[in-house]
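Here's the structure we're looking at; comments come further down.
The values are calculated or read from the model by the stated rules, or taken from the named source; none is laboratory data. On a predicted model such as this, the values are computed, not experimentally measured, just so you know. Don't worry about glycine lacking a Cβ; one is built from the backbone with ideal geometry, like all the others, and counts go over all protein chains shown. Protein only, heavy atoms only, side chains kept; ligands, DNA and RNA dropped before computing areas. Shrake-Rupley method; radii C 1.70, N 1.55, O 1.52, S 1.80 Å.
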Amino acid sequence: MTQTMIGVIGGSGFYQMEGLTVIEEVKVETPFGGPSDVITIGGVGGERIAFIPRHGRGHTILPTEVPSRANIFALKSLGVEQIIAFTVCGSMREEIAPLHIVIPDQIFDHTKKRASTFFGNGLVAHISFADPFCSTMSELLYASAKKVGAKVHKGGCLMCIEGPQYSSKGESNVYRKWGVDIIGMTVMPEAKLAREAEICYSSVALVTDYDVWHETEEPVTTKMVIANLQKNIATAKRILLAALPTITRERSCSCATALRDAIFTQRDCISARLRDDLAPLIGKYSKD
């Protein structure tokens with residue numbers, strides 16, 4: 001399947017797409033194992049999308065266990081060039097309240113155990129990651145959130161922690177001093193991998209709580225997250241439906257050519273096996 005599609009990664013609570021006309025469910029195997037779940041190919045709002053729930057249907061996968069390399073590689077191999085990723089987060093700022101939406105423009109990666117590159121084992125590449133989210137898509141998502149009446153914040157730094165535990169108060173207060181705006185357990189390494197795959201990647205962050213720093217609010221609990229998440233998911237789906245028709249397939253952003261000058265390894269030193277395994281990523285650049 002080579003038709004260009006928009007990829008949608010559903011976060012916590014976002015396990016299926018209502019209104020999606022299912023064409024097929026695809027089980028994809030990759031050099032990095034199997035994805036979180038089958039990928040549902042279908043149509044919604046006149047657009048063709050590929051949907052995958054990050055944590056699997058039924059939420060059976062910890063943030064650290066999410067097979068991000070397999071997820072991104074599988075979407076790339078199916079023809080996805082743009083990804084909208086939904087993620088749940090806590091707020092580190094008074095003005096970003098629970099049930100608000102954030103379209104972040106920066107990331108602080110504080111994870112420790114996750115494979116964050118497709119490369120290695122004989123192939124060296126260093127992508128530019130100064131601006132981790134596709135600004136073109138982020139602008140469209142912000143406009144769509146405004147259109148559906150969401151309380152949305154444009155920009156902000158998302159800290160991604162390992163989890164699965166929530167922060168201590170000491171950690172939460174330090175993160176605030178570091179300039180973090182929201183905090184969650186996903187998005188990384190998805191964003192890095194999407195850039196390596198030359199896929200435009202933007203996130204819609206659903207705020208459910210104030211983490212544990214807020215003196216007059218209860219510390220975050222799973223019960224609290226689930227209660228607010230159910231309300232946020234309805235808003236998230238409205239944003240998605242509004243955004244899909246506005247996304248153009250013609251890409252002029254730097255995401256589309258992120259690997260062009262990033263591969264350091266001499267072409268004649270790239271093994272045939274790597275060329276085959278990573279063909280969806282490096283095929284156009286690995287020719288002698």
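Among the residues of the stretch 158-175, write down those that are in contact with a Phe, Trp or Tyr (Cβ under 6 Å, 6 or more places away or on another chain) and not polar (S, T, N, Q). If you could, list the steps in order and put the result at the bottom.
Kept after step one, since they are in contact with a Phe, Trp or Tyr (Cβ under 6 Å, 6 or more places away or on another chain), are these residues of the stretch 158-175: 159, 172-173.
Of everything in the stretch 158-175, just one residue is in contact with a Phe, Trp or Tyr (Cβ under 6 Å, 6 or more places away or on another chain) and not polar (S, T, N, Q), namely 159.
Within the stretch 211-222, is even one residue under 20 Å from residue 10 (Cβ atoms), open to solvent by 10 Å² or more (accessible area, probe 1.4 Å) and in contact (Cβ under 8 Å) with a residue 12 or more places away in the chain? Before you say what the answer is, go through the steps one by one.
Keep residues of the stretch 211-222 that are under 20 Å from residue 10 (Cβ atoms), which gives 222.
Filter once more, so that each one left must be open to solvent by 10 Å² or more (accessible area, probe 1.4 Å): 222.
So of that shortlist, the ones also in contact (Cβ under 8 Å) with a residue 12 or more places away in the chain come out as none.
Among the residues of the stretch 211-222, not one is under 20 Å from residue 10 (Cβ atoms), open to solvent by 10 Å² or more (accessible area, probe 1.4 Å) and in contact (Cβ under 8 Å) with a residue 12 or more places away in the chain, which makes the answer no.
Looking only at the stretch 239-270, which residues are touching a residue at least 24 places away in the same chain (Cβ under 8 Å), over 18 Å from the mean Cα position of the chain (by Cα) and closer than 21 Å to residue 82 by Cβ?
The answer is 242, 245, 246, 249, 251, 252, 257, 259, 260, 262.
With (1) under 23 Å from residue 130 (Cβ atoms); (2) surrounded by fewer than 19 Cβ atoms within 10 Å (Cβ to Cβ) as the list, and residue 227 as the residue in question, which single condition is left unmet?
In the conditions (1) under 23 Å from residue 130 (Cβ atoms); (2) surrounded by fewer than 19 Cβ atoms within 10 Å (Cβ to Cβ), residue 227 misses (1) alone.
Considering only the stretch 1-89, give the strands (runs of 3 or more DSSP E) lying wholly within it that have at least 1 residues that are at pLDDT below 95 and surrounded by 18 or more Cβ atoms within 10 Å (Cβ to Cβ).
Numbers: elements: 5-10, 21-26, 39-44, 47-53.
Answer list for the stretch 1-89: 5-10, 39-44, 47-53.
Which number in (1) of a type in the set (A, V, I, L, M); (2) assigned to a helix (DSSP H, G or I); (3) open to solvent by less than 30 Å² (accessible area, probe 1.4 Å) marks the one condition that residue 143 misses?
(3)
Which of the numbered conditions does residue 194 fail, given that it passes all the others? Conditions: (1) in contact with a strand residue (DSSP E or B) (Cβ under 7 Å, 6 or more places away or on another chain); (2) within 18 Å of residue 150 (Cβ to Cβ).
(2)
Any chance you could count how many residues in the stretch 110-126 are in contact with a Phe, Trp or Tyr (Cβ under 9 Å, 6 or more places away or on another chain) and open to solvent by 40 Å² or more (accessible area, probe 1.4 Å)?
4
Return a yes/no flag: does the stretch 151-169 have any residue that is more than 23 Å from residue 9 (Cα to Cα) and open to solvent by 20 Å² or more (accessible area, probe 1.4 Å).
Restricting attention to the stretch 151-169, the residues satisfying the condition of being more than 23 Å from residue 9 (Cα to Cα) are 167-169.
Now narrow it down to the ones that are open to solvent by 20 Å² or more (accessible area, probe 1.4 Å): 168-169.
Checked the stretch 151-169: at least one residue is more than 23 Å from residue 9 (Cα to Cα) and open to solvent by 20 Å² or more (accessible area, probe 1.4 Å).
Would you mind stating whether residue 232 is closer than 21 Å to residue 163 by Cα, open to solvent by less than 50 Å² (accessible area, probe 1.4 Å) and modelled with pLDDT under 90? If you could, list the steps in order and put the result at the bottom.
Values: closer than 21 Å to residue 163 by Cα: no; open to solvent by less than 50 Å² (accessible area, probe 1.4 Å): yes; modelled with pLDDT under 90: yes.
No; evaluated as a whole, the condition is false for this residue.
What residue, of 142, 166, is among the hydroxyl-bearing types (Ser, Thr, Tyr) and without any contact (Cβ under 8 Å) to a residue 40 or more places away in the chain?
Details: 166 fails: without any contact (Cβ under 8 Å) to a residue 40 or more places away in the chain.
On inspection, the qualifying residue turns out to be 142.
For the stretch 184-191, indicate whether the set of residues that are over 16 Å from the mean Cα position of the chain (by Cα), in contact (Cβ under 8 Å) with a residue 60 or more places away in the chain and open to solvent by 20 Å² or more (accessible area, probe 1.4 Å) is non-empty.
Checked the stretch 184-191: no residue is over 16 Å from the mean Cα position of the chain (by Cα), in contact (Cβ under 8 Å) with a residue 60 or more places away in the chain and open to solvent by 20 Å² or more (accessible area, probe 1.4 Å).
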